[in-house]
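*Asks:* Dumping the structure here so I can ask a few things about it.
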Amino acid sequence: HLGASTSMASTVASANGVGIMLFALPAGRIVARLGEVRAQRACASLIGVGLIVAFIASDPLILCAGVFIAACGWAIWSLVRLTHISRSTSIELRGRALSIFGGVTRAGNVVGPFFLIAEHHSSGARIAFLIYFAAAAIGFGWIAIFRDRGDTAAFASRLDHVRPVAIL
């Protein structure tokens, strides 16, 4: 919709993968330096900024920059969410919790594009950035309001009785 050539459209599409690859390695250092909670807040903010830039883009290069910024935040978020699950579940349930989380993520990756196609035909392409932004904002709010800031071991002991399958 921005008048880009096929090669520029490919560049915009690849900006997501490039951003994830570039920030996948330093993500561990960033999480270790900031801590889980602050890293999650920073990631949600970075994703939000990237999505706003992508939404208001009037040029393919600006769109590319927005997608890249959001992907950088997503790379760190991907690590910190797995770290949180690993630390907040008991050792007996950790494998099951990570497996269920992976399954739900993969199911979303399969089903999500079909929802995007339906949404694209009814509202246009730009609304996808707003939907993603709303999800990031909800995540940021959840972290800011409900995140346990106490001892991780104490938090994990409260979750020992939770069965991941029962949650679904």
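*Asks:* Go through segment 1-34 and give me each residue that's open to solvent by less than 30 Å² (accessible area, probe 1.4 Å) and either basic (K, R) or at pLDDT 85 or above (or both). So that I can check it myself, show each step before the final result.
*Replies:* Restricting attention to segment 1-34, the residues satisfying the condition of being open to solvent by less than 30 Å² (accessible area, probe 1.4 Å) are 12, 15, 19, 27, 31.
Of everything in segment 1-34, those that are open to solvent by less than 30 Å² (accessible area, probe 1.4 Å) and either basic (K, R) or at pLDDT 85 or above (or both) turn out to be A15, G19, A27, V31.
*Asks:* Listed residues A70, A65, A75; which is within 27 Å of L130 (Cα to Cα), open to solvent by 30 Å² or more (accessible area, probe 1.4 Å) and touching a helix residue (DSSP H, G or I) at 6+ places or on another chain (Cβ under 8 Å)? Give the steps one after another, and end with the answer.
*Replies:* On the way: A70 fails: open to solvent by 30 Å² or more (accessible area, probe 1.4 Å); A75 fails: open to solvent by 30 Å² or more (accessible area, probe 1.4 Å).
Matching residue, one of A70, A65, A75: A65.
*Asks:* Still on this model: Starting from segment 64-80, keep only residues that are of a type in the set (V, I, T), then list their pairs with residues that are open to solvent by 30 Å² or more (accessible area, probe 1.4 Å) whose Cβ atoms are within a distance under 7 Å, requiring at least 6 positions of separation or different chains.
*Replies:* Pairs found: V67/N16; I69/L46; I69/V49; I69/V53; I76/F23; I76/I30.
*Asks:* If I ask for residues that are in a helix (DSSP H, G or I), more than 20 Å from the chain's Cα centre (by Cα) and at pLDDT 50 or above, which ones from segment 120-155 would you list?
*Replies:* Of all residues in segment 120-155, those in a helix (DSSP H, G or I) come to 120-123, 127-146, 152-155.
When the remaining residues are screened for being more than 20 Å from the chain's Cα centre (by Cα), the result is 120-123, 152-155.
If the condition is that a residue be in a helix (DSSP H, G or I), more than 20 Å from the chain's Cα centre (by Cα) and at pLDDT 50 or above, then H120, H121, S122, S123 are the ones that fit.
*Asks:* Can you name the residue in segment 78-113 that is among the hydrophobic types (A, V, I, L, M, F, W, C) and more than 20 Å from A136 (Cα to Cα) and is also most open to solvent (accessible area, probe 1.4 Å) among such residues? Even if it seems obvious, please write down each step before you answer.
*Replies:* Step one: filter segment 78-113 for residues among the hydrophobic types (A, V, I, L, M, F, W, C), giving 79-80, 82, 85, 91, 93, 97-98, 100-101, 104, 107, 110-111.
Narrowing the set further to residues that are more than 20 Å from A136 (Cα to Cα) leaves 91, 93, 97-98, 100.
Working: I91: 117, L93: 27, A97: 17, L98: 59, I100: 37 Å².
Among them, the one singled out is I91.
*Asks:* Working carefully through the options R29, R81, find the one that is in a helix (DSSP H, G or I) and within 16 Å of the chain's Cα centre (by Cα).
*Replies:* Details: R29 fails: within 16 Å of the chain's Cα centre (by Cα).
That would be R81, the only listed residue that is in a helix (DSSP H, G or I) and within 16 Å of the chain's Cα centre (by Cα).
The values are calculated or read from the model by the stated rules, or taken from the named source; none is laboratory data. Everything numeric here is computed off the predicted structure, so don't read it as measured data. So basically every Cβ, Gly included, is an ideal-geometry build from the backbone, and we count neighbours across all protein chains shown. To get the accessible areas, we keep the full protein, side chains included, count just its heavy atoms, and leave off ligands, DNA and RNA. Shrake-Rupley method; radii C 1.70, N 1.55, O 1.52, S 1.80 Å.
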